[in-house]
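Student: One structure, as structure tokens, below. Some questions next.
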Amino acid sequence: MTTSHHTATVKHIATQCGFDYCGIARAVPLDDDARRLETWLSKGMNGSMQYMENYFDLRVNPLKLVPGAQSVITLLLNYFPAKSSHPDTPKISRYAWGNDYHEVIRAKLKNFLQEMKAKIGEVNGRGFVDSAPVLERTWAQRSGLGWVGKNGNLINKQSGSFFFIATLIVDLELEYDDPVAKDYCGSCRKCIDACPTDAIQENRVIDGSKCISYFTIELKDMLIPGEMKGKFNNWMFGCDICQEVCPWNRFSTATHETAFEPIPEILNFDTQDWEDLTEESFKKIFKNSPLKRAKFNGIKRNLKFIQS
């Protein structure tokens, strides 16, 4: 089989596995990103997320993650829900309405690699989904799937930004897509102006240590800084403000992935239900949910904070 046939096979497998978009880039060290990441970390913008300082060399060089790596396959999976939550209840970021995407996408990536081996032959590779040292938004941009917006999210011109990004690094040469060279944010500042904690800075710099998602999910301290009082706009877990105001998300359509169907309680719980929730019920209802990351005590802390 030729490189062209291999590439067509990879794109077909992506569709078979349920991914919405597939792009491919040559596996090379990301020298520019290395410098940007180093500066970002040196300014402490990762807050208490110390894990972002780990495996620096691996983050910026796919050849150190997969020996002999030749191609980086980037896959997008839409998670935008068809339904809406009640506007007056504590808010949860849309990505967390259904089952934990890590589990859903890991299964798809495992199947993807198996299909590649079955249809192409021996292929060595590794799949990653945001919890590993991979700069997935850079690879998505390099493979033509979108550009990194002023809010730090990957934005796809046809479908907006409500996507999970998965990465598959393989030792197979493929045909490479043209990168997105243009920035389609233009002079728009909606996300910068709408962020209540000023986490979105100029020049596409996101201060992670100021983000509502950081405080409500990543921060393990039981005390959220007092200067953030009144700035969370009722967000209890994560935050979608910068995506909600983005004009490109007018093109968002409902996901076809059944695993991302909202857990009923996410849509139906009112504030009192959240206050009455016991740890036992939390573990039962949200056993497959990303809400587990904040844990029961974290959810209760966040609820108390947004109500005070």
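Nothing in this text is a laboratory measurement; each read-out follows from the coordinates by a stated rule. Fair warning: this is a prediction, and the values are worked out from it, not measured in the lab. Ideal geometry is used to build each Cβ from the backbone, glycine not excepted, and the neighbour counts take in all protein chains shown.
Student: For segment 123-214, max minus min Cα coordinate along each principal axis, in Å, sorted largest first?
Tutor: 47, 27, 21
Student: Can I ask one more? As I understand it, the value is the acute angle between the Cα axis of helix 101-120 and the longest principal axis of the Cα atoms of the chain; what does it come to in degrees, rounded to 10?
Tutor: 10
Student: Just the isolated ones, please: cysteines in the chain lacking another cysteine beta carbon under 4.7 angstrom.
Tutor: When partners are defined as cysteine Cβ atoms under 4.7 Å apart, the chain leaves Cys17, Cys22, Cys185, Cys188, Cys195, Cys211, Cys239, Cys246 without one.
Student: Cα axis of helix 31-42 to longest principal axis of the chain: angle in degrees, 0 to 90, nearest 10?
Tutor: Taking the Cα atoms of the chain, the angle to 31-42 is about 20 degrees.
Student: Please identify the trypsin sites (Lys or Arg not before Pro) of segment 243-308 that satisfy two criteria: DSSP loop assignment and at most 15 other Cβ atoms within 10 Å. Which are they?
Tutor: Sparse-neighbourhood loop trypsin sites (Lys or Arg not before Pro): Lys287.
Student: For segment 125-178, rounded, prolate or oblate, judged on the Cα gyration tensor with a ≥ b ≥ c (square roots of eigenvalues), a/c < 1.5 rounded, else prolate if a/b > b/c?
Tutor: It is oblate, given that a/c is not under 1.5 and a/b is not larger than b/c.
Student: I would also like to ask the following. How large is the dipole of the chain about the Cα centre if only Lys and Arg carry +1 and Asp and Glu carry -1, each at its Cβ, rounded to the nearest 20 debye?
Tutor: Using only the charged Cβ atoms, the result is roughly 60 debye.
Student: List the lysines whose Cα sits under 24 Å from the Cα of Lys231, skipping any in the same chain fewer than 8 residues away.
Tutor: In chain and number order, the partners are Lys43, Lys91, Lys150, Lys190, Lys210, Lys220, Lys292, Lys295, Lys300, Lys304.
Student: Still on this structure, I have one more. Taking the chain as the reference, fit the longest principal axis to its C-alpha atoms, fit the long axis of helix 295-307 to the helix C-alpha atoms, and give the angle between the two in degrees, 0 to 90, nearest 10.
Tutor: For helix 295-307, the angle is close to 50 degrees.
Student: Over all directions, how big on average is the projection of the convex hull of the alpha-carbon atoms in segment 250-308, in square nanometres?
Tutor: Result: 5.4 nm².
Student: Measuring from the lowest to the highest alpha carbon on each principal axis, how far does segment 91-135 reach, largest first, in angstroms?
Tutor: Here the Cα extents, ordered largest to smallest, are 47, 21, 11 Å.
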